[in-house]
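Heads up, the thing below is written out as structure tokens.
Coordinate-derived values only; no laboratory data. As the structure is a computational prediction, the values presented were derived from the model and not from experiment. Here the Cβ positions follow ideal geometry from the backbone for every residue, glycine too, while neighbour counts run over all protein chains shown.
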Amino acid sequence: MMSPMDRAFRRWTEAHLPDAWRGTGAPEWNALAVEASHRRFYRLRRADGAGGTVVAMSSPPALENNDQFETLAGVLEDAGVAAPRILAADRERGYFLTTDLGPVHLADRYAREADEVLPAAIDTLHRIQAIDDPAVPPYTRQRFRDELAIYTEWFLGGLLDSAPPDTLDDAFGELLAATDRQPRCCVHRDYHGRNLLLLPDGTVGVVDFQDALMGPATYDIASLLRDCYHAFPEETVARWRDAYAAASPLPLDRATFAVDMDLVALQRQLKAVGIFARLWLRDGRDSHLPHVVPVLERIAVLAGRHAPAVPALGALAAHAEVMLPAARARLEARP
């Protein structure tokens, strides 16, 4: 049964549909998958099947950064980046009606057509990185440190009831140092195949952009090529990493670029494992638990690959290897 809140959201949405939808009957509502947020999304289609689709979003103002969502939607549009355009908003209740970028996520094409879709994703990334707007706050070193603490608090402490070993301190210090030494630019912060839409003209649009910050240049290319939900072959990673760097106007250090990208990827992956555990332990959502072990495996491999040049990462690789059996056992034993 629909709750009073759901009914209010539906009434508001249907009252704010485009004029061309008037008199066509009750629209068809279809729930869309969500990432790690409290928002809910629905794709609406006209009852007569004509006139395209729109998206309704319910985003609790106390829990989501709705003001920044509205602001950055405009900033992205001004930069020539395809993002949902807001058609109507009830800011007090967190109701939004937006244009629809369509149903084709890049993640849907990765298995068979990665080389066909990654160039458009990189082109859009360059457009995002060219943004220089005071509406985009800085990505501080403390914030990176706090994100690594999500891993230790929620995965190690919360899921596995384990204390973080002292050996991680030096590894985390290397990951933070990698973020410090890079040129800064606008970063989406969750630039991966589930948040990128392939548009009919072959370009790529973006969603889930409200947490964008001015951060290290490799952050979003690391998100894209070291995706937590899809493992590209290493030759694919290397080819498109190099293509991104060759086309970038940023003053990248070509000698350290590949290593810096992977160290930023490790920071993201550790944060992601912590978030996946937090979603279950705090929010009761087990949707991301199947990704915990695969991402932890990638952390072990990636840290181990760079351990000869960055010895502190050897401890991180060893730690991840030790945690893998405990994580598998804990997840298999969950109710």
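Relative to the longest principal axis of the Cα atoms of the chain, helix 257-281 runs at roughly 60 degrees.
Per-residue packing, averaged as other Cβ atoms within 10 Å, sorts the ranges 244-257, 197-210 into the order 197-210, 244-257, beginning with the highest.
For the pair Arg109 and Ala8, label points projected 7 Å from Cα toward Cβ lie 4.1 nm apart.
Test of understanding: ordering Thr152, Thr124 by Cβ neighbours within 10 Å, fewest first, what list do you get? Please report the intermediate quantities before stating the final value.
Working: Thr152 18, Thr124 25.
Ascending number of Cβ neighbours within 10 Å: Thr152, Thr124.
Spin-label model, Asp78 to Asp242: label points 7 Å out along the Cα-to-beta-carbon direction sit 3.8 nm apart. Taking all Cα pairs closer than 8 Å and separated by 6 or more residues, the relative contact order of the chain comes to 15 percent. Taking the C-alpha atoms only, the angle from helix 234-247 to the longest principal axis of the chain is near 70 degrees. Counting 0.36 nm for each residue step from Ser287 to Ile86 and taking away their Cα separation leaves a gain of 69.5 nm. Taken along the Cα-to-beta-carbon direction at a fixed 7 Å, the label points for Tyr229 and Arg141 span 3.4 nm. Fully extending the segment from Val301 to Glu116 would add 63.9 nm, taking 0.36 nm per residue of separation and subtracting the current Cα-Cα distance. Taking Cα atoms only, the orientation of helix 292-306 departs from the longest principal axis of the chain by about 40 degrees. Here the gap between Thr167 and Ala26, fully extended at 0.36 nm per residue and compared with their Cα-Cα distance, gives a gain of 44.8 nm.
When shorter helices are ignored and each DSSP H run of at least 4 residues is given -39500 (n - 2.57), the per-residue value for the chain at 222 nm works out to -15000 deg cm²/dmol.
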